[in-house]
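In what follows, a structure is listed as structure tokens, so that the remarks can point back to it.
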Amino acid sequence: MSNNKEKLFGEFQAPTTQEWLDKIQVDLKGADFNKRLVWRTNEGFNVQPFYRREDVLKLKTPEALPGEFPFVRGNKKDSNVWYVRQNILADDAKEANAKALDILNKGIDSLGFRIPGNKVSPEFINTLLNDIQCECIEVNFNTCKRYALELAEILKAYFESKGYDKEKIVGSVEFDPLEAVVMKGKDVTPLLDVVPQLVEAFKDFPYFRCVNVNSLALNNAGAYIVQELGYALAWGNEYMQLLTDAGVDADLAARKIKFNMGISENYFMELAKFRAARMLWAQIVKQYEPKCDCACQMIVNATTSKYNQTLFDSYVNLLRSQTEAMSAALAGIHSMVVTPFDTPYEQPNDFSERIARNQQLLLKEECHFDKVVDPGAGSYYIEHLTDSLAAEAWKIFLQVEEDGGFLAAAKEGKVQDVINQTNAKRHADAAKRKEFLLGTNQFPNFTEKSEGKKPVEGCRHCCGEESEFKSIETTRLAADFEDLRIHTENTKVPVAFMLTIGNLAMRQARAQFSCNFLACAGYKVVDNLGFKTVEEGVDAALEAGADIIVICSSDDEYAEYAIPAFQYLNGRAMFVVAGAPACMEDLKAAGIENFIHVRCNVLDTLKEYNAKLGI
């Protein structure tokens, strides 16, 4: 059998890279290879259309082993199991406890409690954790930063009173004062003195962490993948430096830091991000000379992004979060939260939370993602992405260190400026449809109404510090279009009528483009099969009550049809030409003002049309 295989493979000669490139160039028929096939990422590096073994021979990542330094292939050797986590707002201890017990029977094995600061007390914790076996699941707690140390002492006493084995307590107190500095501009630097005290409180709990790096906040503010990664590393290093300067042993300090990172929609890039993150964090911790390499492991709770979630066509959020969850699961994270699909417009209900849980359970029980360690290893593409992301993120890390560290950079507003600029660019790209949001700025549901849904307000902090530094904007990518669409719906919904005439293929294509374009603002669009004359089309449009008439034809035929249609309409409705024909200047000279095409800023154009229509 082996001889037959060798003979079979021996009949084929492996083409060289140059032969592949030569063949591609022939197929491109003279088009520029770099412009057509090389992807320039937002992360600052190029991605080639194909990779070969020779491309990864120079990389060190394929040589790594699972469970071994630098942990690029994950912290585990025998499985890819992760905790399925759900967060609970614990305003009422008894209600939160009942909910926790319920979802623990529905596949959850990690709980995240958000406790208001003024509720922190031994009685509250006793009620909250009643009948919950903390040795069997992961338990995480988040509260107002000023009450974190008090909460830590209460939890420690609770665990000890129950006689729990300290080595079986897995979880965290998510204390992260730097998040308030960078996200809200709050001067909470005095609270940094609490960090060593928290570590001291839980020093005998080897798997319970108490210092958090919440780079998820950057992800939800629109940060590019490499920005979240680079700043997360600098953020974590700030805590490592603070702890070791305070006399905390490097091993203990590293074992108490946990990363809460976001997952965006770029499937393979996110998979590579977590691999690169573990590798770089291991190298950073190694510089503090820990006694054991296991202290260099990065523990990550991954959460699917809110930034790309949408209010309209919200079930598409399920597709977004599912691919995001797949990326993180395959990358080997510690725990994961899937953000429910209705989060942008309401407090998630039982249905949306059940679906979010099941999205992870599906990956485990149906897809067996928890069985294989680092399945992306050895993929030329993923190894390249891992190495490239690591290189670019390291540049950001080094720049922050040159600026005096993460805290110093945040106080000067440098981190905030970068993230805000990225957020603004992404909103501008979405307005021009350079960045697509299915159901929002591309292929919206023509008949969907908001039905009273409104964007949920941002988080309100219980601390009353005045803003001392710059802050980061956290507006979702779809927010501008949603505001426009809701305003249109609540004011007046104009009717946009497609006057289709001439070349069949072109009129249909342009009518479809125009319907998608105008429906982004909630306009009622009326498509048609075609008209024999422009007069027939205009009459049909006016009979249908059209506020906007969009003529849809070929570029050549606009010279024949557009001006007569405009003149016959005689101002009885807004007149729009679908496309940017060569005769555009002639049409403008005739008084035609409105053109929609692929180079338009969709958002600005629709706002302009609303203004013209008095909406």
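The values are calculated or read from the model by the stated rules, or taken from the named source; none is laboratory data. Note that the structure is predicted; figures quoted are calculated from it, not measured. With ideal geometry, Cβ positions are generated from the backbone for all residues, glycine too; neighbour counts draw on all protein chains shown. The area values use the complete protein model at the heavy-atom level, side chains included, leaving out ligands, DNA and RNA. Shrake-Rupley method; radii C 1.70, N 1.55, O 1.52, S 1.80 Å.
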- Message: Highest mean first, how do 101-110, 389-398, 211-220, 14-23 rank when packing is the count of other Cβ atoms within 10 Å averaged over residues?
- Response: 211-220, 389-398, 101-110, 14-23
- Query: What accessible area per residue comes out for the chain, rounded to a whole number of Å², with a 1.4 Å probe?
  - Reply: 45 Å²
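How big is the dipole moment of region 142-185 about its Cα centre under a simple scheme where the beta carbon of each Lys and Arg is +1, that of each Asp and Glu is -1, and everything else is neutral? Debye, nearest 20, please.
The dipole magnitude comes to about 80 debye.
Hey, got the dipole for the chain? About the Cα centre, +1 on K and R Cβ, -1 on D and E Cβ, debye to the nearest 20?
Charge dipole, the chain, about its Cα centre: 540 debye, nearest 20.
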- Message: Students often get this wrong, so try it: which of [x] 31; [y] 28; [z] 38 is percent of Cα pairs over 44 Å apart as calculated from the structure shown?
- Response: [x]
- Item | Listed residues THR474, LEU613, ALA201: farthest to the positive end of the dipole of the chain (Cβ charges) | ALA201
- May I have the count of lysine pairs in region 83-215 with C-alpha atoms under 15 Å apart, counting pairs 8 or more residues apart or located on different chains? 9
- List the lysines whose Cα lies under 27 Å from the Cα of LYS588, skipping any in the same chain that are fewer than 8 positions away. LYS432, LYS434, LYS524, LYS532, LYS607, LYS612
- Item | Cα centroid separation - region 526-564 against region 44-84, whole Å | 57 Å
- Note on the structure: Here the percent of antiparallel bridges among DSSP beta bridges lying wholly in the chain, to the nearest 5, is 5 percent
- Item | Net +/- balance of residues flanking PHE513 in space, Cβ distance below 14 Å, scoring K and R +1, D and E -1 | +2
- In whole Å, how far is the Cα centre of region 366-444 from that of region 572-615? 36 Å
- Counting other Cβ atoms within 10 Å of each Cβ, which trypsin sites (Lys or Arg not before Pro) in region 220-306 have at most 15 and sit in a DSSP loop? LYS291
- Message: Positive end of the dipole of the chain, charges at C-beta (+1 Lys, Arg; -1 Asp, Glu), about the Cα centre: which of ASN601, VAL415, ALA272 has its Cα farthest in that direction?
- Response: ALA272
- Message: Rounded, prolate or oblate for region 346-390? Axes are the square roots of the Cα gyration tensor eigenvalues, ordered a ≥ b ≥ c, and the cut-off for rounded is a/c under 1.5.
- Response: oblate
- Task: With a 1.4 Å probe and every protein chain kept in, tell me what percent of the accessible surface of the chain is carbon plus sulfur.
- Result: 50 percent
